[in-house]
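Encoded as structure tokens, the structure appears first; notes follow it.
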Amino acid sequence: MIMNRSNLVQLLQAHQSFDEHEQTRRDAIIRFVQTYENCAARQLQVGHLTASAWIVDKDLTHTLLTHHRKLSLWVQLGGHVEDDADMLSASWREAREESGLQDLQLLTPHIFDVDIHSIPARKDEPEHFHYDIRYAFQADRHAELTVSRESRELAWVALNEIEALTNEQSVLRMVRKTRRIDRFS
């Protein structure tokens, strides 16, 4: 399936970045999508689009994080774009595959966050970048979880306790965004 790149660029241009750091990432992702026709192909060795899911509970007090097996970091769920029609469907698929959660409600109808991060070289692939597009979902914190082979562990973490697990700036930015949603709802 071929992704509609011009539609993706429009969605990215409409995305309101939270801070200057995210703004520079958003602009770089737009340039990347415009430059590489196969921007979502895992075989593109400089990097490729990835889709993530920021999953929060109904009270907006906890988020579901994965202890990523290869990166050994606590981060949001997500991964490679496969035969998905768009980034939202890729994000939704990744959320279900990596958590076992089936009842996921879209929290906001637009892109929630964007980031670019380096992936270290491994025996079968060089160092490259993930151009990550993230959507936000809500789920029942008490629903049964299934840990996928890509994770060491899954955990619902209180937003005010995340810094004990990770100092990943993009994760901390999504915490701040979630708190802002809570204030205005």
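Remark: region 85-96, residue by residue, has Karplus-estimated 3J(HN,Hα) of 6, 7, 5, 5, 5, 5, 5, 4, 4, 4, 4, 5 Hz, where x stands for each Gly or Pro and the curve is 6.51 cos²θ - 1.76 cosθ + 1.60 at θ = phi - 60°. Computed over region 5-184, the P(r) tail beyond 30 angstrom holds 12 percent of alpha carbon pairs.
In summary, the lysines within cross-link reach of Lys177, defined as a Cα separation below 21 angstrom excluding same-chain residues under 8 places away, comprise Lys58. Site pair Asn167 and Arg122 shows an inter-label distance of 2.6 nm when each label is modelled 7 Å from Cα along Cα→Cβ.
Cross-link reach is defined here as a Cα-Cα straight distance under 21 Å, omitting same-chain residues fewer than 8 places apart; for Lys123 the lysines meeting it are Lys70.
Each reported figure results from applying straightforward, stated rules to the coordinates on display, with no laboratory input. Being a predicted model, the structure only gives us computed values, none of them experimental. So basically every Cβ, Gly included, is an ideal-geometry build from the backbone, and we count neighbours across all protein chains shown.
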